[in-house]
1. With respect to the numbered conditions (1) closer than 22 Å to residue 314 by Cβ; (2) in contact with a Leu (Cβ under 6 Å, 6 or more places away or on another chain), which one is the sole condition not fulfilled by residue 118?
2. Among strands (runs of 3 or more DSSP E) lying entirely in region 67-160, which contain 2 or more residues that are on the phi < 0 side of the Ramachandran plot and touching a residue at least 60 places away in the same chain (Cβ under 8 Å)?
3. On the basis of being over 22 Å from residue 205 (Cα atoms), at pLDDT below 95 and in a helix (DSSP H, G or I), does residue 23 make the cut?
4. Take the residues of region 33-57 that are out of contact with any strand residue (DSSP E or B) (no Cβ under 8 Å at 6 or more places or on another chain) and in contact (Cβ under 8 Å) with a residue 60 or more places away in the chain: which is nearest to residue 197 (Cα to Cα)?
5. Taking the condition more than 22 Å from residue 13 (Cβ to Cβ), modelled with pLDDT under 95 and crowded, with 17+ Cβ neighbours inside 10 Å, does residue 265 pass?
6. Inspect region 194-205 for any residue being closer than 24 Å to residue 87 by Cβ and either of a type in the set (S, T, N, Q) or buried (at least 23 other Cβ atoms within 10 Å of the Cβ) (or both) and give the result as yes or no.
7. Scanning region 268-291 for residues that are farther than 26 Å from residue 204 by Cα and buried (at least 20 other Cβ atoms within 10 Å of the Cβ), which turns out nearest to the chain's Cα centre (by Cα)?
Amino acid sequence: MQSSKRSDLEQALLRGWRRRGLLACMLWPLSLLYGSLMALRKALYRVGLLKKERLPVPVVVVGNVVAGGAGKTPTTLAITEHLQKHGWKPGIISRGHGRRTEDCREVHPADHPLDVGDEPLLLRCRTGAPVFVARRRAEAGQALLSTYPNVNVLICDDGLQHLALERDVEVCVFDARGIGNGWLLPAGPLRESWPRPVDLILQTTNETSPWPAGAFGARRSLAPNALGADGTLVPLASLRGKPITALAGTAQPQSFFDMLRAEGLTIKHTIALPDHDDFENLPPLPDERAALVCTEKDAAKLWRHHPDALAIPLILQVPDDFLAELDARLRSAAAQ
């Protein structure tokens, strides 16, 4: 029940951030305070009163300026896999949002997602690259490079506002929401004022909504096969015509449900949980006979309760010109 109320509150805020309505206007004075604190923090880093740390290899930061998921982790996946194919040896660092631990640690495939974070665990399992989590991203990077000295580039998943880490390339990710109503938290979705300088902008939506200037467009699709807990691949097409319960513990669960329907699946029931929910108080399934499907990010947590559930990976097709620009910037950083 508590998770349901939290999810309802998150979705209400997301709806309120689309326009400058009554809720947004009521919260607008708080956004001025938030903006002032953010500006002060940036100024302290700029003048050196707060210190930045430089790591010995190029660092690519993937993040966003809006609260909630915009496609950062799929973008990190796509960048990591691209670099692996082109001779780089990438490692991934993250805070590990939602984990119950606070230490700096390596992520292993058998780890509990509540110990390392659901997204870092997904990144480790999908890419095979070394992944470390820590509140201070520089600490995670130092530990990773000490353990894996052959790593020659680091990808920081969700760190655009983590100014304590020096970076060579900043990738800002947007989804169909864009910048919403254009106001800062809590009156709007912005974590910081936009526009602000970044190296690359990626729009991770198939919709034709207005994109930020200079953005590259990526395309999202569901993988052709769902994945079982034992590694079994189940063709998505084989699920068509069967009743399905779809579960998502993400910032925008409706996006996952819509993609399932676009694939011709018959969604009889949906379960929307808060982003990074611990899945410890799952609601009872509305129909035990319906196939249970979830996002790949949620799979490790859901399989502990429902080992018969199927995870459906998301594939992000990043344009070649985006990757070419990324390669050029990394070559320049590595040469310095």
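The values are calculated or read from the model by the stated rules, or taken from the named source; none is laboratory data. Please read these numbers as outputs of a predicted model, since none were measured by experiment. Neighbour counts are summed over all protein chains in view; Cβ atoms, including those assigned to glycine, are modelled from backbone coordinates with ideal geometry.
1. Here residue 118 clears every test but (2).
2. On the way: elements: 90-94, 131-133, 153-157.
Result: 90-94, 153-157.
3. Details: over 22 Å from residue 205 (Cα atoms): yes; at pLDDT below 95: yes; in a helix (DSSP H, G or I): yes.
Against the criterion (over 22 Å from residue 205 (Cα atoms), at pLDDT below 95 and in a helix (DSSP H, G or I)), residue 23 qualifies.
4. So in region 33-57, the residues out of contact with any strand residue (DSSP E or B) (no Cβ under 8 Å at 6 or more places or on another chain) come out as 33, 36-37, 39-51, 54, 56.
Add one more test, that the residue is in contact (Cβ under 8 Å) with a residue 60 or more places away in the chain, and what stays is 41-42, 45, 50-51, 54, 56.
Numbers: 41: 17, 42: 13, 45: 16, 50: 20, 51: 20, 54: 20, 56: 23 Å.
Among those that are out of contact with any strand residue (DSSP E or B) (no Cβ under 8 Å at 6 or more places or on another chain) and in contact (Cβ under 8 Å) with a residue 60 or more places away in the chain, it is 42.
5. Details: more than 22 Å from residue 13 (Cβ to Cβ): yes; modelled with pLDDT under 95: no; crowded, with 17+ Cβ neighbours inside 10 Å: yes.
No; evaluated as a whole, the condition is false for this residue.
6. Looking only at region 194-205, we keep the residues that are closer than 24 Å to residue 87 by Cβ, and these are 199-200, 202.
Still in the list and also either of a type in the set (S, T, N, Q) or buried (at least 23 other Cβ atoms within 10 Å of the Cβ) (or both): 202.
There is at least one residue in region 194-205 that is closer than 24 Å to residue 87 by Cβ and either of a type in the set (S, T, N, Q) or buried (at least 23 other Cβ atoms within 10 Å of the Cβ) (or both).
7. Here the residue is 279.
For (1) touching a strand residue (DSSP E or B) at 6+ places or on another chain (Cβ under 6 Å); (2) crowded, with 19+ Cβ neighbours inside 10 Å, each residue gets a yes or a no:
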{"residue": "125", "(1), (2)": "no, no"}
{"residue": "136", "(1), (2)": "no, no"}
{"residue": "145", "(1), (2)": "no, yes"}
{"residue": "160", "(1), (2)": "yes, yes"}
{"residue": "163", "(1), (2)": "no, no"}
